[in-house]
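In what follows, a single structure is set out as structure tokens and then discussed.
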Amino acid sequence: MLPVIGNVNLSGQTITQAEQTLKEVTSETFRDPDISVTLEYAKPVVYFVSGDVPYPGKFTLPPH
């Protein structure tokens, strides 16, 4: 939450999209805001391999 702005939903956005969204929202209150977003915690990515492959199944790509 940004005290002057309030809650801003950034769910499903990339870091670049989140920066742009925050810049648009904060531009209504601040002149030429400088916005930087960083990822604090990455989640593992789960993916599935199927078809005529040696090792089909569910796999997890751990965060780096």
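Bear in mind these aren't lab numbers, they're just calculated from the coordinates by the rules spelled out. Keep in mind that what you see is a predicted model, and the values were worked out from it rather than measured. Glycine also receives a Cβ, built like all others from the backbone with ideal geometry; neighbour counts cover every protein chain displayed.
Figures for the structure shown
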{"item": "Residue list for segment 17-32, filter: under 12 Å from Val4 (Cβ atoms) and over 20 Å from the mean Cα position of the chain (by Cα)", "result": "Glu28, Thr29, Phe30"}
{"item": "Output for segment 26-51, where each listed residue is over 26 Å from Leu61 (Cα atoms), part of a loop (DSSP other than H, G, I, E, B) and polar (S, T, N, Q)", "result": "Thr29, Ser36"}
{"item": "Residues of segment 1-18 that turn out to be loosely packed, with under 10 Cβ neighbours inside 10 Å and free of Cβ contacts under 8 Å to residues at least 12 places away in the same chain, as a count", "result": "8"}
{"item": "Residue in segment 13-25 that is assigned to a loop (DSSP other than H, G, I, E, B) and not aliphatic (A, V, I, L, M) present", "result": "yes"}
{"item": "Enumeration of residues in segment 19-64 that are touching an Asp or Glu at 6+ places or on another chain (Cβ under 8 Å) and surrounded by 10 or more Cβ atoms within 10 Å (Cβ to Cβ)", "result": "Ile35, Val37"}
